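To start, the structure under review is shown below, and the notes come after it.
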Amino acid sequence: MGKHELLEMTRSLIDHSKAGTMAQAETVMAIPATDYTDEKLFDTEKKEIFRRLPLMVAPSCELPEPGDYKAMDIVGVPLLITRQKDGAVRAFLNMCTHRGNPLVQGTGNAPRFTCNYHGWTFKNDGALMGVASPKDFGDIDRAAFCLKEFPSLEKAGLIWVTLDPKSPLSIETFLCGYDDLLSHFHFENWHLFESRVLSGPNWKTAYDGYLDFYHLPVLHGNSFGTDFYNRANYFAWGPHQRVATPSSKIRGPEDEEPVDLATMDESEWPEDAIMTGVWTIFPHISIASFYGGGVRGAMISQLFPGESVGDSFTTQFYVMEKKPNDPEVIQGAHEQFEFLKHVVRDEDYATGKRQHEALQSGLMDQVWFGRNEGGGQVFHGWVKKLLNTPDDGLEALFGAERTATS
Ligand code: FES
Ligand SMILES: [Fe+2]
């Protein structure tokens, strides 16, 4: 599934490359500069976007084995993700049902968790197993003291959770069919190589950068080089967008010549060559492929709003198609990932932080997105749309997109 759409996009990229064009948005668009600096709006975004929509919380390869778990804090919500004996993933509010102490921290493997406050114990399926000194505590209905569960879905080797136990929006509907496209990475078979956390600017300022190829040869002129195209075509499935260069020449490992799809029969197009570009998952994920050490890898960037309007933090996961054993491949992949740290931290996010400080002067009314920056236009359009959609309108909003987009 999704294969014909991948071929269609590739044809469009090749056609635009031959014509020396790109698909442009209808008009130039402005948004108020305060959209990036307003504390009240920032709180509303956390509530209406991050606490209402499915979020991609982990690549499957971060929790590959039964018993694996990961605790995280997302916009103030303590989350615990566990992999069950049968391989399924479940997600819980990471709060002991006695008095609310977070049950676990970090990552690990455990079939059960004991609260470090008074010693209640829970199974990794959320069931309350044991109350410490039960005779002294008194009678309770244990079934009513399970961990609170969040809706979750594992698809395409990625795990989504909605931080609203009563969410009326199905995660499948939210994905608008985009998961069928993402499944062509086959992430369920990949390996987590390394991860790290970077601090960044306002979450939308940071996300703008992932949706923008316009800046590549300029801001990244010293790192990626100046011969990078600054054009991109944007393909949208609801709010989820793939950003790809209109080119037929696709780069693989450094020591190999780029393949030219325009000279090949479609049936011979390699799958990795039709998955190029940046795959974003609204509202906070970006996925891009690299070949450090000669082996296919991808950086999955997972962005969350921070404490205040000017802060965000990003977990960068470097995942690899095959677990590397060769020390040279390991070193090459490590260097690739270090390079990406430098690019994002010292170029993208450093610029975003300066931009944010300047916008906070309040002396600029609007910021602009050109006809060549359609990705940003779509992203900000969706943020606005979501702030105006009540809970019971979410399913219809995303449901309408599944058939409307191509
Ligand atoms: S808060 Fe967990 S056992 Fe008391
Ligand atoms: Fe960038």
Take segment 145-167 and flag every residue that is outside any strand (DSSP E or B), buried (at least 16 other Cβ atoms within 10 Å of the Cβ) and out of contact with any strand residue (DSSP E or B) (no Cβ under 6 Å at 6 or more places or on another chain). A156, G157, D164, S167
Single residue of L216, L198 found to be over 16 Å from the mean Cα position of the chain (by Cα), within 15 Å of ligand 2 (Cβ to nearest atom) and either under 29 Å from L386 (Cβ atoms) or among the basic types (K, R) (or both): L216
Name the pairs whose Cβ atoms lie under 6 Å apart, with the first residue in segment 72-85 and under 16 Å from W160 (Cα atoms), the second basic (K, R), and 6 or more positions between them or separate chains? V75/K46; I81/K70; T82/R90
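Do we have L192 as touching a Cys at 6+ places or on another chain (Cβ under 6 Å) and more than 16 Å from ligand 1 (Cβ to nearest atom) here? Show your work before the answer.
Working: touching a Cys at 6+ places or on another chain (Cβ under 6 Å): yes; more than 16 Å from ligand 1 (Cβ to nearest atom): yes.
Spelling it out, L192 is indeed touching a Cys at 6+ places or on another chain (Cβ under 6 Å) and more than 16 Å from ligand 1 (Cβ to nearest atom).
Please specify each residue of segment 250-262 satisfying the condition of being touching a strand residue (DSSP E or B) at 6+ places or on another chain (Cβ under 6 Å) and either over 23 Å from G374 (Cα atoms) or part of a loop (DSSP other than H, G, I, E, B) (or both).
Taking segment 250-262 first, the residues touching a strand residue (DSSP E or B) at 6+ places or on another chain (Cβ under 6 Å) are 250, 258-260.
Matches in segment 250-262: P258, V259, D260.
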If L387 satisfies every condition in (1) surrounded by 15 or more Cβ atoms within 10 Å (Cβ to Cβ); (2) of a type outside the set (V, I, T); (3) within 23 Å of E26 (Cβ to Cβ) but one, which is the exception? (1)
Reported set for segment 168-223 where residues are among the aliphatic types (A, V, I, L, M) and not in a helix (DSSP H, G or I) is L169, L192, V197, L198, L211
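Rule-based calculations on the coordinates, nothing more; no lab input. Since this is a predicted model, take the numbers as computed values, not measurements. All Cβ positions, glycine included, derive from the backbone under ideal geometry; neighbour counts span all protein chains shown.
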